[in-house]
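The structure appears right after this line, and notes come after that.
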Amino acid sequence: MRSLCLRWLPNFITIGRLVLTPAAIDMIVGEHWRAAFTIFVLAGASDALDGWLAKTFDLRTELGAVLDPIADKALIVSIYATLAIKGVLPPWLALLVISRDVMIVGAVFVTWLLRRPMDLSPLPVSKATTAAQLLLAALALAGEAFVLPLEGTTSFISAVVAALTVASAAVYLWRWVELMGPDDVGA
């Protein structure tokens with residue numbers, strides 16, 4: 001029983017991130033900025049922790065491989081949409097971030113429907129994109145929570161997030177187009 005619990009620890013942490021997401025959104029909507037910042041930092045740290053545990057102790061599971069990106073996308077999409085609605089982040093950036101994630105999820109769904117599974121291993125550009133997106137959200141929340149003058153920093157990081165988001169979307173789109181290209185049936 002104990003080894004089973006240890007084996008599933010990264011998945012439990014990932015599920016915890018999914019649970020923390022609506023709590024963070026609720027705090028942002030209510031403008032409880034310090035609580036939102038704290039919850040978001042916990043959620044972000046859980047992403048690093050579950051990945052580290054899974055790799056370091058060979059606790060990877062099929063469920064974890066699916067749950068982790070879902071938890072990441074739920075957190076990022078929800079936070080960006082809410083921060084844009086609250087006027088903390090520019091709406092164009094939230095739309096860019098959300099559109100990329102919708103494109104990726106849509107591509108995975110199409111490949112699943114057509115029984116042409118796509119490799120879901122995160123790419124280096126995707127990891128950099130997620131890290132930059134989390135950093136920007138944390139800075140934006142910190143600025144609100146602690147009344148810090150971070151406009152210059154968040155503007156610069158916003159540009160980095162936009163560039164990485166576009167680059168990542170392009171790489172995923174390219175991989176998807178290659179996968180969905182004509183098959184060799186009847187050739």
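Which whole-angstrom value gives the distance between the alpha carbon centres of segment 44-112 and segment 114-187?
9
With every protein chain left in place and a probe of 1.4 Å, what is the accessible surface of Trp92, to the nearest 10 Å²?
My reading of the accessible area for Trp92 is about 140 Å².
Under 18 Å Cα-Cα from Lys86, which lysines qualify once same-chain neighbours fewer than 8 residues away are excluded?
Straight-line reach from Lys86, under 18 Å: no lysines qualify.
Cβ under 15 Å from Ala45's Cβ, Ala45 left aside: what net charge do those residues give with Lys, Arg +1 and Asp, Glu -1?
With Lys, Arg at +1 and Asp, Glu at -1, the net is -3.
Please find the FRET efficiency linking Val19 to Leu114, where r is the Cβ-Cβ separation and R0 is fixed at 30 Å, and quote it to the nearest 0.05.
Working from the Cβ atoms, E equals 0.35.
Which value in nm describes the separation of the simple spin-label points at Leu63 and Ala131, placed 7 Å from the Cα toward the beta carbon?
3.0
Kirkwood hydrodynamic radius of segment 67-187 from all distinct Cα pairs, in Å?
That comes to 15.5 Å for segment 67-187.
By how many degrees, between 0 and 90 and to the nearest 10, does the Cα long axis of helix 2-29 differ from the longest principal axis of the chain?
On a 0 to 90 degree scale, this one is about 50.
Can you find, among Leu42, Met118, Ala74, the residue farthest towards the positive end of the dipole of the chain? Put +1 on the C-beta of Lys and Arg, -1 on that of Asp and Glu.
About the Cα centre, the residue reaching furthest to the positive side is Leu42.
Would you calculate the separation in nanometres between label points at Leu123 and Asp26, each defined as 7 Å from the Cα along the Cα-to-beta-carbon direction?
3.8
If you line up the long axis of helix 91-113 against the longest principal axis of the chain, both from Cα atoms, how many degrees apart are they, to the nearest 10?
Taking the Cα atoms of the chain, the angle to 91-113 is about 20 degrees.
Pairing the Cα long axis of helix 33-56 with the longest principal axis of the chain, what angle in degrees results, from 0 to 90 and rounded to the nearest 10?
With rounding to tens, the tilt is 30 degrees.
Can you compute log10 of I(q)/I(0) for segment 17-79 with the Debye formula, treating each Cα as one identical point scatterer, at q = 0.12, 0.18, 0.21 Å⁻¹?
-0.32, -0.63, -0.79
Using the Cα centre of the chain as the reference point, and only Cβ charges (+1 on K/R, -1 on D/E), how large is the resulting charge dipole? Debye, rounded to the nearest 20.
Computed charge dipole of the chain: roughly 240 debye.
Hey, what did the chain get for relative contact order, percent, Cα under 8 Å, at least 6 apart?
Once normalised by length, the contact order is 23 percent.
I need the shape label for segment 34-135. Rule: rounded when a/c is under 1.5, else prolate if a/b > b/c, else oblate, with a, b, c from the alpha carbon gyration tensor.
oblate
The values are calculated or read from the model by the stated rules, or taken from the named source; none is laboratory data. Keep in mind that what you see is a predicted model, and the values were worked out from it rather than measured. Cβ coordinates were reconstructed from backbone atoms using ideal geometry, including for glycine residues, and neighbour counts include every protein chain displayed. Remember, those area values only see protein heavy atoms, side chains included, never the ligands or the DNA or RNA. Shrake-Rupley method; radii C 1.70, N 1.55, O 1.52, S 1.80 Å.
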